[in-house]
Amino acid sequence: MVIDLFEGISSSTLSRVSYLIQGQTDITVRVNSSGGDIFSALSIYNLLKGKCNVEILGLAASAATIIAMAGKKISIASNGLFMIHSPKAMLINYYDKQSLDKLSNTLAKTEESILATYRSRVENFEMPADDLWLTATEAKSMGFVDEIIGEVPVVMDAGNVFINSIAYDAAQVKGLSERLHPTPKTDAALAQILALIKDQMTSGAAGVQNQQLTAEDIKAAQIKKMIAFANRKVV
């Protein structure tokens, strides 16, 4: 079954999720939420943990990221966003020092609970000092998500660059072969080069998709993009 969390997270959300998952074994949770009540989010996380897959379709922010951590597999749209911040409290009254100290201690304990949830996927993660906004690529790189929906896969094999299962001869791209082999000495260096190519190819495909071009025209445009990118300095 599919559960859509397209709302502010609240006790009503918790009640709805608790009711819907009864007797269900195949659950997909789709998220587009700016967050909400952290304790409802933690409860939903505990109900769903290891029992669902999560798809972030737009925004997962604040408490919504806690729910997202429950997924066996967590996916995010290529243009999605992921935002983490420390717990906050809204004050509407007059408070003395003792009351504020007590509130500060409560927030610190709450942050420990939140960190434990994030660390179930990203070991040694520390809460940022300010709001941490992550793109889909950044969220995947840090380990918060497993895959990007709509991502263009890039792999190297036998001198070819495969992008979206289409092979491009690296030898046709000036400077590319030298950068791919033997220059990169680490997997990180190779991953950086492939990421640069992927980003360039993605933008190149977006620029031609609405034009009346032949397959050869499109491939030539992609090769041109790759040449320009290969000639950039990679550190």
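Some observations on this one:
- Criterion applied to 66, 74 was being part of a helix (DSSP H, G or I), crowded, with 17+ Cβ neighbours inside 10 Å and aliphatic (A, V, I, L, M), and the one residue passing it is 66.
- Subset of segment 76-98 (residues that are closer than 21 Å to residue 37 by Cβ and modelled with pLDDT of 90 or more): 81, 82, 83, 84, 85, 86
- Condition check for residue 76: closer than 19 Å to residue 121 by Cα and touching a residue at least 60 places away in the same chain (Cβ under 8 Å): yes
- For segment 1-51, the set of residues classified as more than 23 Å from residue 81 (Cα to Cα), of a type in the set (Lys, Arg) and either touching a residue at least 40 places away in the same chain (Cβ under 8 Å) or not in a loop (DSSP other than H, G, I, E, B) (or both) consists of 16 only.
- All of (1) at pLDDT below 90; (2) at negative phi hold for residue 150 with one exception: (2).
- For residue 43: the one exception among (1) buried (at least 17 other Cβ atoms within 10 Å of the Cβ); (2) within 25 Å of residue 147 (Cβ to Cβ); (3) at pLDDT 95 or above; (4) not aliphatic (A, V, I, L, M): (2)
The values are calculated or read from the model by the stated rules, or taken from the named source; none is laboratory data. Every value quoted in this text rests on a predicted model; they were computed, and no experiment measured them. Every residue, glycine among them, receives a Cβ derived from its backbone with ideal geometry; neighbour counts consider all protein chains shown.
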